[in-house]
Amino acid sequence: MKRHAARFLCIAAGLLIMAACSSSDSPVRPGDTSNSSDEWMGKGLLVVQVYFDGQGIPDKRIEIVELGVERTTNEAGYAKFYVPAGEYTVRAYNINRGGPPLLHIDVQTIIAPGKEERVRIFDCLVCV
């Protein structure tokens, strides 16, 4: 009986540790896809984060220029795109860089099939 209780406690502790290690502000977690596996064929995942002082900034408009696809960052500052492999321009709107907000800034990136690429964009909230 003690052996079963110890095994149960080890399993429960392992599950708690795994749950604690998964970051709630990370947009990409196992099983966290709204897309089917067919949608991944020849595509990669582009994850864009707009941040300031270690915190994500919500409601920033992000565009993949070549595809004309837009998303708005979530409460953790992330926007994600499943895109065909290739070279892209990530455009972020209304970003502060030490003066009035810029109309937009562009960041170049390359997406490989079946891979994840992350782009981080600094938005200086106190620079306005």
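Of note:
- When Glu87, Glu117 are checked against the criterion of being modelled with pLDDT of 95 or more, surrounded by 12 or more Cβ atoms within 10 Å (Cβ to Cβ) and either in contact with a strand residue (DSSP E or B) (Cβ under 8 Å, 6 or more places away or on another chain) or at positive phi (or both), Glu117 stands alone in meeting it.
- Filtered residue count, the stretch 99-114, keeping only those that are modelled with pLDDT of 95 or more and closer than 18 Å to Gly56 by Cβ: 1
- Residues of the stretch 73-84 satisfying the condition of being part of a loop (DSSP other than H, G, I, E, B) and surrounded by 15 or more Cβ atoms within 10 Å (Cβ to Cβ): Thr73, Asn74, Ala76, Gly77
- The stretch 99-128: number of residues that are of a type in the set (Lys, Arg) and in a strand (DSSP E or B): 2
Residue-by-condition table, conditions (1) farther than 26 Å from Val126 by Cβ; (2) part of a strand (DSSP E or B); (3) of a type in the set (Lys, Arg); (4) modelled with pLDDT under 95:
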residue	(1), (2), (3), (4)
Ala6	yes, no, no, yes
Ser34	yes, no, no, yes
Asp38	yes, no, no, yes
Leu45	yes, yes, no, no
Glu63	no, yes, no, no
Arg97	no, no, yes, yes
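- Taking (1) under 16 Å from Gln49 (Cβ atoms); (2) surrounded by 14 or more Cβ atoms within 10 Å (Cβ to Cβ) in turn, Leu125 satisfies each apart from (2).
- Residue that is buried (at least 16 other Cβ atoms within 10 Å of the Cβ), more than 17 Å from Gly42 (Cα to Cα) and of a type in the set (Val, Ile, Thr), where the choices are Ile111, Ile57: Ile57
- The set of residues in the stretch 45-54 that are farther than 17 Å from Phe81 by Cβ and buried (at least 22 other Cβ atoms within 10 Å of the Cβ) is empty.
The values are calculated or read from the model by the stated rules, or taken from the named source; none is laboratory data. These numbers come from a predicted model, not from an experiment. Glycine also receives a Cβ, built like all others from the backbone with ideal geometry; neighbour counts cover every protein chain displayed.
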